[in-house]
Amino acid sequence: MEKVDGTIMTPGGPESWLKNNSRRQWLVFYRVNGMSLEGSGSIDGRGQKWWDLPCKPHKGPNGTTLPGPCDSPVAIRFFMSSNLTVQGLRIKNSPQFHFRFDGCQSVHVESIIITAPALSPNTDGIHIENTNDVKIYNSIISNG
């Protein structure tokens with residue numbers, strides 16, 4: 001079990017990140033089995049500087065969305081992993097998705113709180129992709 005009881009914060013805005021492939025994600029768990037990430041702590045993605053970049057997706061004419069090429073990082077990504085539990089955490093202000101489950105099996109999310117301002121672009125609370133058997137309970141998700 002991995003426990004978060006304090007506050008974890010990203011290094012800052014785009015100027016603090018290396019310009020390579022690692023820029024697309026912040027905390028990555030790859031090919032883990034039976035992991036539990038829980039606690040009463042919080043994770044702050046400090047996304048404001050990313051959201052203000054002109055390359056972020058933004059509203060276009062007639063309600064369309066225009067794409068942007070930014071490499072804003074996902075806060076927490078689980079990739080090709082199984083039997084995962086995320087419980088009790090608070091996560092806020094991710095530059096992009098707060099959680100991303102990609103190619104995972106058996107995911108249990110419970111009692112988490114995800115927040116970002118209403119106008120924060122592309123800050124999905126939980127992005128689920130190529131993943132099976134996902135259960136989300138008793139959680140609050142309020143994001144842009």
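List of remarks:
- Note on segment 77-144: the C-alpha convex hull projects to 3.9 nm² when averaged across all orientations.
- Across 14, 73, 95, mean-square fluctuation computed from a Gaussian network of the chain (C-alpha pairs under 10 Å connected) peaks at 14.
- Of all aspartates and glutamates in the structure, those lying under 13 Å Cα to Cα from residue 135, and not within fewer than 8 positions of it along the same chain, are 110.
- Candidates 88, 34, 13: whichever shows maximal mean-square fluctuation once the chain is modelled as a Gaussian network with Cα springs under 10 Å: 34
Here, each number is a calculation from the coordinates, and none is a lab measurement. Everything numeric in this text was worked out from a predicted model, so none of it was measured.
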